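The structure appears below as structure tokens.
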């Protein structure tokens, strides 16, 4: 019996590996099979404009993605636009894009001659997500720029305004996962809707979960960690609909297998592997570690943090070439606070952004204190 199981498993792995290799080759060939052309027409923003020495935007043109580095008036004309919206532009595309953009399916660059200020709002789903992003960003307006950048990164994945110094501090402290939205956000969003979901019949619960998670993926720009968490949530919801209990490790394995076949270029994303390895570590190592630590809640927190740190260590060394020896202690001090920010920051940010200016700073102030604490710990433990 065991021999048959092993043979079946080996056969499944071989088939999946072959399919993945074929899909990956196809995607890489598509990235390389591009020729330059002149373009004048409507281009959709795939990413939010990222400010810096130049404003970087990824556009979708004729079904393919091109990166643009904008200056001056052209940069100003897209500064208020968001992903999913469209502008009219004229320019010349050229094949070949920076290798670090391969995971985003960018096939080349576009040298933009002119951008029309008219912005098309996009689909209803894109409009709803962008309205929420703008409201939460407005709600953080009373915070200091650094705290606002960290807050929007934690809550909606908007890390465009985070300074390189802040990113370096969080990386050295082993807290880089707290500078942007993570899979934990998906759990918090579902917990907010849990009172409604538990009252629904299995099929309706599945459909509602799909709608909520799908919209949140759109809101957070389909970050790899969110995709991983969303996939696991949908697999668990499907199991519930069928009356089956899905093990976390099984959900993770199925999620990784399916998503890598759908988008094999995720395999070249550091964020993807950090999220997957952290989840695997928590699934497999957290309980054995917790059993050896006295206490209850603190033991669980220490065990989950240590398990994630151990599992992500090879990925961190490979991509970033550095260790965070104090990362365990830094995360113990900040992860519960970051969880609170993720949970209450979303509704409070909306209230502050949509309500009168006179109450915005009052509503958001407790969240800013929590965000400032996270930033302070990152600075102290990065030394």
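The values are calculated or read from the model by the stated rules, or taken from the named source; none is laboratory data. Note that the structure is predicted; figures quoted are calculated from it, not measured. So basically every Cβ, Gly included, is an ideal-geometry build from the backbone, and we count neighbours across all protein chains shown.
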Residue 252 vs. criteria at pLDDT 85 or above, touching a helix residue (DSSP H, G or I) at 6+ places or on another chain (Cβ under 7 Å) and either in a loop (DSSP other than H, G, I, E, B) or surrounded by fewer than 19 Cβ atoms within 10 Å (Cβ to Cβ) (or both): no
Close pairs (8 angstrom Cβ cut-off, 6 or more residues apart or separate chains): within 23 Å of residue 263 (Cα to Cα) in the range 5-19, assigned to a helix (DSSP H, G or I) anywhere: 16/257; 16/261; 19/261
Selection within the range 309-334 - in contact (Cβ under 8 Å) with a residue 60 or more places away in the chain and closer than 20 Å to residue 150 by Cβ: 320, 324, 326, 327, 330, 331, 334
Some residue of the range 286-309 being in the same structural domain as residue 149 (by TED's automatic domain parsing) and closer than 23 Å to residue 156 by Cβ: yes
Of the criteria (1) under 26 Å from residue 190 (Cβ atoms); (2) within 23 Å of the chain's Cα centre (by Cα), which one residue 330 fails: (1)
Test for residue 163: is it at pLDDT 90 or above and more than 25 Å from residue 232 (Cα to Cα): yes
Any hit, the range 159-172, residues being assigned by TED's automatic domain parsing to the domain that holds residue 236, more than 14 Å from residue 133 (Cβ to Cβ), surrounded by 24 or more Cβ atoms within 10 Å (Cβ to Cβ) and out of contact with any strand residue (DSSP E or B) (no Cβ under 9 Å at 6 or more places or on another chain): yes
Any hit, the range 132-149, residues being touching a residue at least 40 places away in the same chain (Cβ under 8 Å) and either on the phi > 0 side of the Ramachandran plot or assigned to a strand (DSSP E or B) (or both): no
Residues of the range 106-131 that turn out to be modelled with pLDDT under 90 and part of a helix (DSSP H, G or I), as a count: 3
Hits in the range 288-308 (condition: over 23 Å from the mean Cα position of the chain (by Cα) and either in contact (Cβ under 8 Å) with a residue 40 or more places away in the chain or closer than 23 Å to residue 273 by Cβ (or both)): 288, 289, 303
When residues of the range 50-64 are limited to those that are touching a helix residue (DSSP H, G or I) at 6+ places or on another chain (Cβ under 7 Å) and surrounded by 21 or more Cβ atoms within 10 Å (Cβ to Cβ), the one nearest to residue 105 (Cα to Cα): 58
Extreme residue, farthest from residue 117 (Cα to Cα), among residues of the range 1-55 that are part of a strand (DSSP E or B) and within 25 Å of the chain's Cα centre (by Cα): 50
